[in-house]
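Here's the structure, in structure tokens; my notes come after.
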Amino acid sequence: MIPDKSFLRQVHCLKALDDDALGRVAEACRATVVEPHTVLMYKGEKDRSVVFMLSGRARVAMYTSTGRLVHLEDAVPGTVLGEIAAISNTVRSATVETTETSLIARMSGDGFMQFLRSDPEIAIGLLRAAHSRLHLLTERYYENTSLSVQGRLYAELLRLCGRPDYIENTARIKPNPTHEEIANRIGARRESVAREISRMTKIGILQKRGRELEVRNYKMLVDLAHDAKSH
């Protein structure tokens, strides 16, 4: 059970539930604090449990036959994981691993299906979340098939930015991803990413600040991303 059901209010498919319904969901969950690099689910495993991300962050990914990681998306607070296997009664379609200390809530697949059948608000919330994921994956597919490494990098940096400060024309990316992490996100070689980030740092677009990466000229980054998609 989750001691404080308000944690669940941030989960996209549970936002519209009233307090009583949210309390029943909380009673059906098991909350756990997990350390970084904890695998929450493996691709191909037969497990129908559903995970709600309440804090922290996880990486949803697949691995090629040669062991190369293909980054699909980030699981942030509010994300639902494993719902496809629960609904379709199939194996996991991706591997999910935490990248920082996280609070998760896990519910059995059968329990999740009972709530889904009894409350249409959960189903509507899942459809909205699925639409957002499909939009992101469509964007990534277009970028990976149509843009250069530089263009894909500009687009990914914009996605990683927090809310920009339009007055100061800056934004921050935290934590600062490694070159390898960015390369896995955009399907590029680490060396290519390192060269372009070095170039962007030299011309004043980026600057590393401790564990953060500062975008010192947000408008220029937006223009670079726009130009890359226009050509």
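Below, the figures for the structure above:
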quantity	calculated
Residue match in segment 156-165 (condition: touching a residue at least 12 places away in the same chain (Cβ under 8 Å) and surrounded by fewer than 12 Cβ atoms within 10 Å (Cβ to Cβ))	yes
G67 being among the small types (G, A, S) and either part of a strand (DSSP E or B) or modelled with pLDDT of 90 or more (or both)	no
Subset tally (residues that are of a type in the set (D, E) and under 18 Å from F7 (Cα atoms)) for segment 104-120	0
Residue in segment 179-188 that is within 13 Å of S148 (Cα to Cα) and part of a helix (DSSP H, G or I) present	yes
Segment 189-223 - residue that is part of a helix (DSSP H, G or I) and of a type in the set (G, A, S) and, of those, nearest to E143 (Cα to Cα)	S192
Exclusive hit being at pLDDT 90 or above, of a type in the set (K, R), in the same structural domain as E83 (by TED's automatic domain parsing) and more than 18 Å from S230 (Cβ to Cβ), set R159, R117, R172	R117
Any pair with Cβ under 6 angstrom, 6 or more apart, that starts in segment 196-225 at a residue that is touching a residue at least 60 places away in the same chain (Cβ under 8 Å) and over 11 Å from T170 (Cα atoms) and ends at one that is in a helix (DSSP H, G or I) and of a type in the set (G, A, S)	A225/A155
Subset of segment 72-94 (residues that are among the charged types (D, E, K, R) and in a helix (DSSP H, G or I))	E83
Within segment 102-122, considering residues that are of a type in the set (G, A, S) and surrounded by 14 or more Cβ atoms within 10 Å (Cβ to Cβ), the one nearest to the chain's Cα centre (by Cα)	S102
Residues of segment 182-212 satisfying the condition of being modelled with pLDDT under 95, in contact with a strand residue (DSSP E or B) (Cβ under 8 Å, 6 or more places away or on another chain) and surrounded by 18 or more Cβ atoms within 10 Å (Cβ to Cβ)	N184, R185
Hits in segment 95-122 (condition: among the hydrophobic types (A, V, I, L, M, F, W, C) and either free of Cβ contacts under 8 Å to residues at least 40 places away in the same chain or not in a strand (DSSP E or B) (or both))	F112, M113, F115, L116, I122
R133 being touching a helix residue (DSSP H, G or I) at 6+ places or on another chain (Cβ under 7 Å), under 24 Å from H37 (Cα atoms) and not aromatic (F, W, Y)	no
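Table: residues versus (1) surrounded by fewer than 17 Cβ atoms within 10 Å (Cβ to Cβ); (2) not charged (D, E, K, R).
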{"position": "R30", "(1), (2)": "yes, no"}
{"position": "H37", "(1), (2)": "yes, yes"}
{"position": "M41", "(1), (2)": "no, yes"}
{"position": "V51", "(1), (2)": "no, yes"}
{"position": "G56", "(1), (2)": "no, yes"}
{"position": "T64", "(1), (2)": "yes, yes"}
{"position": "R68", "(1), (2)": "yes, no"}
{"position": "A75", "(1), (2)": "no, yes"}
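The values are calculated or read from the model by the stated rules, or taken from the named source; none is laboratory data. Quick caveat: nothing in here was measured; it's all calculated off a predicted structure. No Cβ is skipped: glycine too gets one built from the backbone with ideal geometry, and neighbour counts run over all protein chains shown.
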